[in-house]
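Scroll down for the structure; my scribbles are underneath it.
FYI, it's all coordinate maths here, none of it is from the lab. This one's a predicted model, so the numbers in the text were calculated from it and none came from an experiment. Cβ placement follows ideal geometry from the backbone for every residue including glycine, while neighbour counts extend to all protein chains displayed.
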Amino acid sequence: MDSHTLIIILITIAVCALIGVGIWIGFNQMRSRRLKDHFGPEYDRTVRNTQNRSIAEAELESREQRVKKYRIVALSEHDRTHYQQAWDRVQNRFVDDPRGATKDADELIFQVMQRRGYPVSGFDQAAADLSVEYPVVVENYRAASAIARRNRDGAAGTEDLRQALIYYRTLFHELLKIPMPTDARTIAPASGERSQPHRVVNKRGGLRA
């Protein structure tokens, strides 16, 4: 093999390598863009928590693949009615028993998730699974659960508990796939308390009173 042929071969190999690198970079950019568009604030949160974009993206893709294996079903009208009545009881209980109502709301979310087909085994996986279909509203769920944990330790005030119930209700209506009632944006105050307006993250990432 003469030197001229060798040079041509080396140049060809170099060009192919550059094309391969370009394709790999382009693929990763498309992957990042898709995940960021789909997960929104959940993407940023996962990157921030892992402090590594590649690890974060692998984690989000792992969630997608896991949830694809679930048999997620819509609730029947009977189930929607049943759970809506259960929620009404939870919300009415808040007036006299804010702590108990918050605990019931947390448990009701798990019940609805299980009925929909999510294999609930704990809060962390429940939140991760929900983030695939509800990447914005799941942040409300995390905030509500944090208050619920403080509630179990006796460290959550009445206003905290009301905020938790509003957060739970936002996710509850998403899971039931029914609109949030326009006349039910606040939770009735507990006995002896005055209700304060709260803002929650809605499905599109905005804020609602």
>> Considering only residues that are in contact with a helix residue (DSSP H, G or I) (Cβ under 7 Å, 6 or more places away or on another chain) and acidic (Asp, Glu), which ones fall in the range 107-143?
In response: ASP129, GLU139
> What number of residues within the range 131-156 satisfy the criterion of being exposed (fewer than 15 other Cβ atoms within 10 Å of the Cβ) and either assigned to a loop (DSSP other than H, G, I, E, B) or not charged (D, E, K, R) (or both)?
Replying inline: 3
> Can ALA128 be described as small (Gly, Ala, Ser), crowded, with 16+ Cβ neighbours inside 10 Å, under 20 Å from the mean Cα position of the chain (by Cα) and in a helix (DSSP H, G or I)?
Replying inline: yes
